1. Across the stretch 51-60, what is the total count of residues that are open to solvent by less than 50 Å² (accessible area, probe 1.4 Å), away from ligand 2 (no atom under 12 Å from the Cβ) and under 19 Å from Ile288 (Cβ atoms)?
2. For the stretch 312-330, indicate whether the set of residues that are within 19 Å of the chain's Cα centre (by Cα) and crowded, with 24+ Cβ neighbours inside 10 Å is non-empty.
3. Among the acidic types (Asp, Glu), at pLDDT 95 or above and more than 16 Å from ligand 2 (Cβ to nearest atom), is that true of Glu80?
4. State the number of residues belonging to the stretch 248-270 that are in a loop (DSSP other than H, G, I, E, B), surrounded by fewer than 17 Cβ atoms within 10 Å (Cβ to Cβ) and either more than 16 Å from ligand 2 (Cβ to nearest atom) or modelled with pLDDT of 95 or more (or both).
5. Given (1) away from ligand 2 (no atom under 16 Å from the Cβ); (2) of a type outside the set (Ser, Thr, Tyr); (3) more than 20 Å from the chain's Cα centre (by Cα), identify the lone condition not met by Glu28.
6. Answer yes or no: is there a residue in the stretch 231-250 that is in contact with a Gly (Cβ under 7 Å, 6 or more places away or on another chain) and closer than 21 Å to Asn61 by Cα.
7. Of all residues being among the basic types (Lys, Arg) and over 30 Å from Leu32 (Cα atoms) in the stretch 101-116, which is farthest from ligand 1 (Cβ to nearest atom)? Just the residue, please.
8. Which ones in the stretch 116-135 are of a type in the set (A, V, I, L, M) and crowded, with 19+ Cβ neighbours inside 10 Å?
Amino acid sequence: MINAPKGTKDVLPEEAYKWQYIERAARETAALYGAREIRTPTFEHTELFLRGVGETTDIVNKEMYTFNDKGGRSITLKPEETAGVARSFAENGRAAALPVKMYYITQCFRYERPQAGRLREFHQFGIEFLGSAHYGIDAEVILFAHDFIKKLGIKDVTLKINSIGCKTCRASYGAALKEYLNDNKDALCDLCKDRLEKNPMRVLDCKNPKCKEITAGAPKILDYICDDCKAHLNGVLSLLGGAGVKYVLDPGIVRGLDYYTRTVFEFVSENIGAQGTVLGGGRYDGLISDVGGPEVPGIGFAAGIERLLMVLENTGVKIPDRGGIKVYVAPVGEAERSAAFMLARELRVKGISADTDYMARGIKAQFKYADKLGARFVAVIGAEEAARNAVKIKDMLSGEEKEVSAASAAEYIAARL
Ligand code: ATP
Ligand code: MG
């Protein structure tokens, strides 16, 4: 037997409605904010992620699915979507009226150790709003995330916000942080010893309990950011406060990617174990130019769909299943099979979902199967009904039974749905 590769998962037909529920909430929220969908390729030139995600990140260092194609080009399966959107904007969007508001739903690929909430192929819903450096759009993006999560019915998440400053003020913070971490170097994990040299802020993102202990006492970025960055952050916070959204200022939020500037934020759940971040985002003012585009600022977020599903399941949110069929047409014997086929056909043409028997089941087994399908009506065609060109319709909800002419069956059912 051939199994699915490690770290991948099938979405089976009986659970796909949960995904559609999340995707529907995503698209509906996007419509309210005037965001339009973008779809970019599954693979890009590796160079894009080296420049757009950053060479000191975990993603680029350890997690990318990179290979040479038959033409000898280095290709990488997208580990996230922002770089692809930035690349697309640099390539196609120069003449666009700003801000450009985009959303995406995509699979991503990261070579990670599979565990709860961590897959090698996973899915993200995200947005990228390009063109404005104003703090108002930061607040709008965070409110978008808030509204989306609320629409899903998720209540128990905490919004954590931080500012990681701009290039200028981050440099002085980086120096102070490096000095502090150097003094505590022996207690850091091996990976963080390395991060300390290459990009000390990455240490703040480490999940290792010992590193967390050290970073708890580290200098705080908010004490180092410049007046402009401080004013920007205060602008965001006051709009969020005005909108009645609760948040926690958390200097530990630094995000895993190199491109962030100023506002960064996460929505964290306590209900799904160690990988509790369901959504993360931030401002990335240098990204578009880093990948060869114009100097256009941007901000966005990405939510992990699998993690959202875990929260929904672990907190008992009821997800409506819109699947199933309305009518099951049951031929009693072989002779009524084609009449049943034609009635199912007619119902579908008239916009009513229907199914019939192809397994030569007896009538009792057909009722059982109809029940499994969630059919609201069973339309029985026996020899007598067929002779009269009629059909007996049973409402599975009320138990009511009525014989109607085959020609009026669709109308009869439509009136009762
Ligand atoms: P983490 O700290 O959990 O590794 P990250 O900083 O790498 O997260 P992002 O790159 O910001 O995550 O991705 C956005 C969201 O995508 C995360 O908040 C999470 O919900 C989801 N996500 C990231 N990596 C995975 C994965 N390997 N499997 C499932 N979901 C993931
Ligand atoms: Mg990660």
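The values are calculated or read from the model by the stated rules, or taken from the named source; none is laboratory data. Here the structure is a predicted model, which means the values were calculated and not measured. In this analysis, Cβ positions are derived from the backbone assuming ideal geometry, glycine residues included, and neighbour counts consider all displayed protein chains. Heads up: the accessible areas ignore ligands, DNA and RNA and are worked out on the full protein's heavy atoms, side chains in. Shrake-Rupley method; radii C 1.70, N 1.55, O 1.52, S 1.80 Å.
1. Residues in the stretch 51-60 being open to solvent by less than 50 Å² (accessible area, probe 1.4 Å), away from ligand 2 (no atom under 12 Å from the Cβ) and under 19 Å from Ile288 (Cβ atoms): 2 in total.
2. Looking through the stretch 312-330, none of the residues is within 19 Å of the chain's Cα centre (by Cα) and crowded, with 24+ Cβ neighbours inside 10 Å.
3. Considered against the rule, which asks whether it is among the acidic types (Asp, Glu), at pLDDT 95 or above and more than 16 Å from ligand 2 (Cβ to nearest atom), Glu80 comes out as no.
4. Kept after step one, since they are in a loop (DSSP other than H, G, I, E, B), are these residues of the stretch 248-270: 250-260, 270.
Okay, now just the ones that are also surrounded by fewer than 17 Cβ atoms within 10 Å (Cβ to Cβ), so 252, 256, 270.
Subset that is either more than 16 Å from ligand 2 (Cβ to nearest atom) or modelled with pLDDT of 95 or more (or both): 270.
Residues in the stretch 248-270 being in a loop (DSSP other than H, G, I, E, B), surrounded by fewer than 17 Cβ atoms within 10 Å (Cβ to Cβ) and either more than 16 Å from ligand 2 (Cβ to nearest atom) or modelled with pLDDT of 95 or more (or both): 1 in total.
5. Checking Glu28 against (1) away from ligand 2 (no atom under 16 Å from the Cβ); (2) of a type outside the set (Ser, Thr, Tyr); (3) more than 20 Å from the chain's Cα centre (by Cα), the one that fails is (3).
6. No, the stretch 231-250 has no match at all.
7. Within the stretch 101-116, the first condition is being among the basic types (Lys, Arg), and the residues that meet it are 101, 110, 113.
Right, trim to over 30 Å from Leu32 (Cα atoms) and you get 110, 113.
On the way: Arg110: 5, Arg113: 9 Å.
Taking the candidates together, the pick is Arg113.
8. First, pick out the residues of the stretch 116-135 that are of a type in the set (A, V, I, L, M): 116, 119, 127, 130, 133.
Selection gives Leu119, Ile127, Leu130.
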